[in-house]
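For reference, the structure discussed in these notes is given below.
The values are calculated or read from the model by the stated rules, or taken from the named source; none is laboratory data. Source: prediction; values computed, not measured. Counting neighbours? That spans all protein chains shown, and the Cβs are built from the backbone with ideal geometry, glycine included. Accessible surface is based on the protein model in full, side chains and every heavy atom, while ligands, DNA and RNA are left aside. Shrake-Rupley method; radii C 1.70, N 1.55, O 1.52, S 1.80 Å.
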Amino acid sequence: MTEATVLTIGGAKGGAGKTVTAINVASALRSAGFSVALVDADLGTTNVADVLGLEIETSIHEVLAGEADTEEAIVTTDTGLDVLSGGDSIAYLTEADPAELRTVIDALSPEYDTVIVDTGTGLSHEVLVPFGLADGVALVSTPDDTSIVDTRKTAEVVEKVDGTLLGVVVNRVTDETDLDRVREQIELPLLELLPNDPGASKIEPVVMEASDTDLAEAYRQLATTLHRQTSSDE
């Protein structure tokens, strides 16, 4: 039985755009014909469902707390993307065991081509688990100096938990962005530059809702790159 490729999308700090990157990579792969599950493992602030406008009846917190099975928490979007996310209730937040994420991935893996995991920020246990169980990790940064420095630190953590760092995605790139400076400071493989386009980002996923924009094309290129890198390692 074929096992899914597991890709974790992370970031050093909130606000860099890792969640929308995870959503758009997952959506781009789904539109290319792959079966994809998107797992919102940012347990403190699960918001994939909010961004996509999904109603969640059974949350990933309930699954990680042992109160529900993985398949009960799957919600399918109109485009065929399967999502596991948190709902409005935080009743199971303190009971959710991040270590059980491996069980969730094991349950999903035989059923999908790719599992995308959106993880949290910081250095907590719930963040480190998705780094260690993925076939590849992509980190999302902005061009800001502080974001780049923190991303490099996070990359070191990925390696310490035996994760496979694929590289960094730089988000919100403008015509004024000094790309030479970014490349010099980041000191890590650069996977993709995502142009700043607030207009295209009004409705997610961009690859579906604003498919003819440069931002959508950048997401598609990123999805292709990530798929190629992890597939070649199989």
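Can you tell me the FRET efficiency between L179 and K153 if r is taken as the Cβ-Cβ distance and R0 is 22 Å, rounded to the nearest 0.05?
On the way: r = 22 Å, r/R0 = 0.98.
For R0 = 22 Å, the calculated efficiency reads 0.55.
Treating only the Cβ of Lys, Arg, Asp and Glu as charged (+1, +1, -1, -1), what charge dipole size does the chain show about its Cα centre? Round to the nearest 20 debye.
For the chain, the charge dipole is close to 640 debye.
In what sequence, highest mean first, do 208-216, 44-52 appear when ranked by Cβ atoms within 10 angstrom?
So the order, starting with the most tightly packed, is 44-52, 208-216.
Could you report the accessible area of I203 in Å², rounded to 10, computed with a 1.4 Å probe on the protein chains as they sit in the structure?
The accessible area comes out at roughly 100 Å².
Can you give me the % of accessible surface on the chain that is carbon or sulfur? Probe 1.4 Å, all protein chains present, nothing else counted.
Roughly 44 percent of what the probe reaches on the chain is carbon or sulfur.
Taking a probe of 1.4 Å, how large is the accessible area per residue of the chain, in Å²?
Averaged over the residues of the chain, the accessible area is 45 Å².
Which residue, P195, V182, V157, has the largest displacement toward the positive end of the dipole of the range 156-206 when charges sit on each Cβ (Lys, Arg +1; Asp, Glu -1)?
Of the options given, the answer is P195.
Return the tail of the calculated pair distribution for the chain, meaning the percent of Cα-Cα pairs more than 34 Å apart.
Of the Cα pairs, 8 percent sit more than 34 Å apart.
In terms of Cα to Cα distance under 25 Å, which lysines are near enough to K160, apart from those fewer than 8 places away along the same chain?
Partners found: K13, K18.
For the range 99-181, go through all pairs of different Cα atoms, get the mean of 1/r, take its inverse, and jot down that Kirkwood value in Å.
It works out to 14.1 Å.
Skipping prolines and chain starts, which residues have an amide H placed within reach, meaning under 5 Å, of the one on G136, given they are 5 or more residues away or on another chain?
Under 5 Å from the amide H of G136: V6, T8.
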